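The values are calculated or read from the model by the stated rules, or taken from the named source; none is laboratory data. Just so it is clear, the structure is predicted and the values come from calculations on it, not from any experiment. A quick note on method: Cβ atoms are made from the backbone with ideal geometry, for glycine too, and the neighbour counts reach across all protein chains shown. Keep in mind that these areas ignore ligands, DNA and RNA; they rest on the heavy atoms of the full protein, side chains included. Shrake-Rupley method; radii C 1.70, N 1.55, O 1.52, S 1.80 Å.
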Amino acid sequence: MTNETLNIMLLCGGLLFAFGLLSFLTRRSMILMFLSLELMLAGVSVNLIAFSRLHGNYQGQIFSIMILAVAACEAALA
């Protein structure tokens, strides 16, 4: 994985997290806050996948799958 690809993936993950945080802080509806939190979790998952590919291990990818499963359960509850 090149540094350019890593930078793009980290930028995408950071933007997802920032949009989710901004939306979480400005919304009043609980359902929209849950969706914003799910967007933040997706941003963290992208960053975990980027770093796990950089280091050549699969621990970050497995952890991101677990995070996405928690986010899906959260969306089902909302």
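Across Arg28, Arg53, the residue with the most accessible area heads the list, and the full order at a 1.4 Å probe is Arg28, Arg53. Relative contact order, whole percent, for the chain stands at 32, derived from Cα pairs under 8 Å and 6 or more residues apart. The slack in the chain from Leu10 to Val70, taken as 0.36 nm per residue of separation less the alpha-carbon distance, amounts to 19.4 nm. Counting protein heavy atoms only, the chain has 72 percent of its accessible area on carbon and sulfur, 1.4 angstrom probe. Using only Cα atoms, find the angle between the long axis of helix 59-77 and the longest principal axis of the chain, and express it within 0 to 90 degrees, rounded to the nearest 10. Taking the Cα atoms of the chain, the angle to 59-77 is about 10 degrees.
What does the charge count near Leu22 come to, summing +1 for each Lys or Arg and -1 for each Asp or Glu among other residues with Cβ under 15 Å from its Cβ? Net charge around Leu22: +1.
Per residue, how much accessible area does the chain show when a 1.4 Å probe rolls over the protein heavy atoms, in square angstrom? Could you put the intermediate results ahead of the total?
Numbers: 5410 Å² over 78 residues.
For the chain, the per-residue accessible area is 69 Å².
The accessible-area ordering, largest first, of the residues Phe17, Phe63 stands as Phe63, Phe17, per a 1.4 angstrom probe.
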